[in-house]
Structures are given as C-alpha cells and as structure tokens.
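Below: one structure, written as structure tokens.
The values are calculated or read from the model by the stated rules, or taken from the named source; none is laboratory data. Here the structure is a predicted model, which is why all the values come from computation and not from measurement. Methodologically, a virtual Cβ is constructed for each residue, glycine included, from the backbone with ideal geometry; neighbour enumeration extends over all protein chains shown. Accessible surface is based on the protein model in full, side chains and every heavy atom, while ligands, DNA and RNA are left aside. Shrake-Rupley method; radii C 1.70, N 1.55, O 1.52, S 1.80 Å.
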Amino acid sequence: SAVSGHDFVDGDNDAFDEPGGRASGHGTFVAGIIHLVAPSATIKSYRVMDANGDGDGFTVARAIEQAVADGCSIINLSLALTARNLAVRDAIDMASASGVLVVGGAGNLGDDAPVYPAAEVNILAVGALDSLSHKTDFSNYGNYVDLCAPGADVYSAYQTPYFAWWSGTSFSAPFVS
C-alpha cells in the first residue's frame, strides 16, 4: 500500500506526484516498480523535487531524516544531485547507522564519473541493465556501483490512469529496494 509521508516541496502531507513538468510521474513510476517486486510492502512517499525535477540537497537530507524517524527500513533515492552534498551524506550515514538500507540510482551519464548521492559510501548504488542483462549505454559504471538491475524500457504505473515505458537508473534502484 502507498501512504503519503510528507511533501517537502509544498510543505504539506500530500506527497504524491503533481502533473505539469518533465519529471511528473517519476515518483509514481518508482513506486509502481517497488509494488511490482514487493506487493505487500508499505510504500511511504516523500516528495523532494518539483514537477520539473528541481530541488536541493538540504531538502533531500531532511526527507531522509524524516523517513528514518518514521521507521522506514529501506530508503530509495531515485535522484541525482548536481554535486556532492554534505548534508545528504550525513543523513545517509545516520540512516545507515540506524540500520536503514539506502539505495540509489547510479546515474544516467554513461560514464564512470561519480554521481551523488549514489556514490556515497553508505548507499547501495544501482546501475541499469537492458533486457539481455548488458549494461545500458546510459548507465553509469565504476567502482562506486554496487550492482545492476533492469533499467531499460521498464513498464510501470505513471500518472493516473496511465502506465508507461521509461528508462534510467532511477528505475533500476527500486527493483533492489
């Protein structure tokens, strides 16, 4: 089942996707994959990016801290920041020290440059595989990537009432989560 944790963008308790931007449906898509893999899991959503995919590390760190406080046992971070953020690193370290597994997408740049927060030490970084179990052209790789999961042409829930096909390491991470 899906429950709303907190919407850090709008400052309310309705953390579900909003239409109208290039990232609209991203969270729903990720939750759909988690539901596919673990249908009895409770999925608690924390919205940290707006419909265009814009946000900041401080907000991500606050959401990680809130998820730990709310008793979440796994945190999926299907997002990438433009640079390393120490508040996010500290929140991930705190989550890990509390026994929470943090999983993140390795990035979609197709190279071995670290992408954060996936490149942090206490996060399980997931790259993307295609249908033949080969690394996709877009998936990042390198020594910070811990494992790979399906990430090309994944089919999942989109904005109500639709389903869609989408590719990216954002969609590899929830298979592991």
Query raised in the report: Carbon and sulfur together cover what percent of the accessible area of segment 1-151 at a 1.4 Å probe radius?
Result: 52
Query raised in the report: What ³J(HN,Hα) values, in whole Hz, does the Karplus curve 6.51 cos²θ - 1.76 cosθ + 1.60 give for segment 100-113 when θ = phi - 60°, with x put for Gly and Pro?
Result: 8, 7, 10, 10, x, x, 6, x, 10, 8, x, 9, 9, 5
Query raised in the report: With springs only between Cα atoms under 10 Å, which of 98, 139, 167 fluctuates most in a Gaussian network model of the chain?
Result: 98
Query raised in the report: So which residue, out of 134, 26, 35, gets the largest mean-square fluctuation from a GNM of the chain using Cα contacts under 10 Å as springs?
Result: 134
Query - GNM result for the chain, Cα springs below 10 Å: residue of 142, 71, 107 fluctuating most strongly - result: 71
**Report entry** Total formal charge among the other residues, if their Cβ is under 11 angstrom from that of residue 46, Lys/Arg +1 and Asp/Glu -1
**Finding:** 0
Report summary line: So, with points 7 Å from each Cα along the Cβ direction, the residue 109-residue 66 label distance in nm works out to 2.9
Report summary line: Per residue, accessible area of segment 1-85 with a 1.4 Å probe, heavy atoms of protein chains only, in Å², comes to 51
Requested in this report: Please report, largest first and rounded to whole Å, the three semi-axes of the ellipsoid equivalent to segment 1-97, where each semi-axis is the square root of five times an eigenvalue of the C-alpha gyration tensor.
Outcome: 19, 18, 12
Query raised in the report: Given H placed 1.01 Å from N in the peptide plane, which residues other than close sequence neighbours of residue 169 have an amide H under 5 Å from its amide H?
Result: 107
Report task. Taking amide H positions as placed in the peptide plane 1.01 Å from N, state which residues far from residue 77 in sequence (5 or more) or on other chains have amide H under 5 Å from it. Result -> 103, 104, 105
Query raised in the report: If you average the sequence gap of Cα pairs under 8 Å that are 6 or more apart and divide by the length of the chain, what percent do you get for the contact order?
Result: 21
Query - Answer label for Rg and Dmax of the Cα atoms in Å (calculated), chosen among (i) 18.9, 61; (ii) 21.9, 69; (iii) 14.8, 42 - result: (iii)
Report task. Find how much the distance from residue 82 to residue 121 grows on full extension, using 0.36 nm per residue of separation minus their present alpha carbon separation; answer in nm with one decimal. Result -> 12.3 nm
Query raised in the report: Per the Cauchy relation, a quarter of the hull surface: what is the mean projected area of the convex hull of the alpha carbons in segment 37-93, in nm²?
Result: 4.5
